[in-house]
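Undergrad: This is the structure, below, for whatever I ask next.
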Amino acid sequence: MSWNDLVIEKSRGIVTEKNIDDFNVAFWCAIDNEHNSDIPDGEFCEFVIDMWGMKLKGHYIAEWIGDNDYPNETEPTEIQLDYLEIVKVA
């Protein structure tokens, strides 16, 4: 199942085909902000992000950004969503 289809299905109507692009931009910003760019290339990393009324848990691999001026800087790649929980609002 594709990333978009998985998020749409698991979010139970919070994320739809109409707003999946907005969700993906917000998600990428959130995971990029959480990622420590000094994590070594190839390292397995886990994340928990609260956004859009959901708690998203998953993992990714830190990968070198490919810029020789920054030989130790990495970014999240191969992002996998392991768990999505709808957060109840009282």
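Undergrad: In Å, what Rg and Dmax follow from the Cα atoms of the chain?
TA: In order Rg, Dmax, the Cα atoms of the chain give 14.3, 50 Å.
Undergrad: Output ³J(HN,Hα) for region 56-63: one whole-Hz value per residue in order, computed from phi by the Karplus curve 6.51 cos²θ - 1.76 cosθ + 1.60 with θ = phi - 60°, and x for Gly and Pro.
TA: Ordered by residue, 3J(HN,Hα) equals 10, 10, x, 8, 7, 10, 6, 10 Hz.
Undergrad: Related question: Using alpha carbons only, how many degrees (0 to 90, rounded to 10) separate the axis of helix 20-34 from the longest principal axis of the chain?
TA: Between the helix axis and the principal axis of the chain, the angle is about 40 degrees.
Undergrad: On to the next question. Give me the percent of the accessible area of the chain that comes from carbon and sulfur atoms, probe 1.4 Å, all protein chains in place. If you can, show how the numbers build up before the last one.
TA: Details: 2810 of 6020 Å².
Here it works out to 47 percent.
Undergrad: Per DSSP H run of at least 4 residues, take -39500 (n - 2.57); add these up for the chain, divide by its residues and hand me the 222 nm value, nearest 500 deg cm²/dmol. The partial results should precede the final answer.
TA: Details: 2 runs with 23 residues, N = 90.
Helix contribution divided over all residues of the chain: -8000 deg cm²/dmol.
Undergrad: Let me ask another. Give the longest segment of the chain that steers clear of trypsin sites (Lys or Arg not before Pro) in DSSP loops with at most 15 neighbouring Cβ atoms within 10 Å, not counting the sites themselves. Working shown, then result.
TA: Values: sites that count: R12, K18, K88.
With a cap of 15 other Cβ atoms within 10 Å, the longest stretch comes to 19-87.
Undergrad: Quick one: which residues, 5+ away or cross-chain, put their amide H under 5 Å from the amide H of I39? H built at 1.01 Å from N.
TA: Amide H neighbours of I39, under 5 Å, 5+ apart: T74.
Undergrad: Sticking with the crude label model, points 7 Å out along Cα→Cβ, report the distance from E78 to E34 in nm, one decimal please.
TA: Output for this residue pair reads 1.8 nm.
Undergrad: Roughly how many Å² is the accessible area per residue of the chain, as a whole number, for a 1.4 Å probe?
TA: Working: 6020 Å² over 90 residues.
Heavy-atom SASA per residue in the chain reads 67 Å².
Undergrad: Evaluate the distance, in nm, between pseudo-label points positioned 7 Å from the Cα of N4 and of K18 along their respective Cα→Cβ axes.
TA: That separation, rounded to one decimal, is 1.6 nm.
Undergrad: With each pseudo-label sitting 7 Å past Cα toward Cβ, what's the M51-A26 distance in nm, one decimal?
TA: Between M51 and A26, the label points sit 0.8 nm apart.
Undergrad: Given a cut-off of under 8 Å on Cα pairs at least six residues apart, what relative contact order in percent is computed for the chain? Let's see the in-between values first.
TA: Details: 135 pairs, mean separation 22.9, N = 90.
Here the relative contact order equals 25 percent.
Undergrad: Eight or more residues apart or on different chains, and alpha-carbon atoms under 15 Å: count the Lys pairs in the chain matching that. Mind dumping the intermediate values first?
TA: Values: K10/K55; K10/K57; K10/K88; K55/K88.
Lysine pair count for the chain: 4.
The values are calculated or read from the model by the stated rules, or taken from the named source; none is laboratory data. Computed from a predicted model, the values in this text were never measured in an experiment. Note that we place each Cβ from the backbone using ideal geometry, even for glycine, and neighbour counts take in every protein chain shown. Remember, those area values only see protein heavy atoms, side chains included, never the ligands or the DNA or RNA. Shrake-Rupley method; radii C 1.70, N 1.55, O 1.52, S 1.80 Å.
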